[in-house]
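Right, one structure below, let's go through it.
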Amino acid sequence: MPEAAPLLDPKFLARLEQLEIASRKIFQGRMKGERLSRKKGQSVEFADYRNYVVGDDLRFLDWNLFGRLDKLFIRLFLEEEDLHFYILIDNSLSMDFGNPSKLHYARQIAAALGFIGLVNMDRVVVEVFNERMTQSFDYEAIMLGLTNVDLDPNGEMNVWLSSSDNHQWNPSQKTPETPWEAEIDRLMHAQASASDARKRKEAFDRVQEIVVEQEPFIFLINKNALSAVSTTVHGAAPVILSPQTFWNAERLTVSGSR
C-alpha cells in the first residue's frame, strides 16, 4: 500500500521552526516551559523585590541592595510555564468541497500550527468538531441544523436513505437496520421513479408518517421566521421556506436612495 504524502514539506517545516505562537494574554500553565507566567518563580526574567523572611532561599538575596540599604531583600523572577494550545478542526460535510478539499487545507494549517507549538515546548491539543457525528458516531442524541434545499423530496434523499452519509441514525448502512428504514428506502425510491405527482406525494406522505411514528428526529420548530427588507425594495413577500425573502427576485424593484 503506497504511503500517504506528508502534509507539509520538510523545507517549509524548517521555516516554521523560526516562528512561535504569540498569545495576547499570559495564561497559567501546568509544567515548566518557555512562556512567562503571572506567578513568581525561577527564571532569568526579573520581576520585583520583597523583604527577606526566615526560610527564604539565600541564593536570591540581593547583596548589592543590602550594601546600600542595610536591609535584606529577595529578588523575584517571573515563572516560565508551558502554553496550552488548542487546535479545532471543522470536519463537517461542507469541508469535503474542492480538490484538494477544504479539509485537506485545514489539516495542513493545523499541522503547521501544531508544529510551531511543539517546537516551542507548548502543550498542543488537536480536536475535531464533528468527529463523533461523521466518523465514530459516538453519540446518544445530537442537535442538527438540516436545511431544505428544495420542495421536491428528491432533495432529501441524502437524509432519508439508510445508505446515505447524512442518514444520522444508524448512518451509512449497507442494508437497512430496521424494517421501517427499509420501508422508507422503498418509498423514497418509488417517489423518485414515479411520474405521477399524486403517487409521489402519497409515497412521501407515508415517509413522513413513519418518521412521526418512529421518531428518529425530534423536530424543533421556531414559530417566528423574521425577514428584514429595506423600505426602498418593493414587491417583497417573504415566505417560510428558503430563500424566504428572494424567492420572487424577478418581481422585486428598488426605488431611489433613502
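Things to note:
- Label-to-label distance, nm, for residues given as F60 and K102 (7 Å Cα→Cβ offset): 5.1 nm
- H84 long-range amide H proximity, modeled H, under 5 Å: R123
- Taking W160, W63 and counting other C-beta atoms within 10 Å, the order from fewest to most: W63, W160
- Projected label points at Y49 and R206, each 7 Å from Cα along the beta carbon direction, are separated by 9.1 nanometres.
- R15/R123 FRET efficiency (R0 22 Å; Cβ-Cβ; nearest 0.05): 0.45
- The modelled label-to-label distance between T245 and D152, using points 7 Å beyond Cα along the C-beta direction, is 2.8 nm.
- Violating pairs (Cα-Cα greater than 32 angstrom) within the set K102/K201; K102/K174; K11/K102: K102/K201
- Here the convex hull built on the C-alpha positions of the range 154-214 has a volume of 73 cubic angstrom per residue.
- Listing K71, K201, K174 from fewest to most neighbouring C-beta atoms within 10 Å gives K174, K71, K201.
- By the count of other C-beta atoms within 10 Å, a proxy for reagent exposure, E250, E20 are ordered fewest to most as E250, E20.
No lab work stands behind these numbers, since they all come straight from the coordinates. Being a predicted model, the structure only gives us computed values, none of them experimental. When we count neighbours, we look across all protein chains shown, and the Cβ atoms used for this are built from the backbone with ideal geometry, even at glycine.
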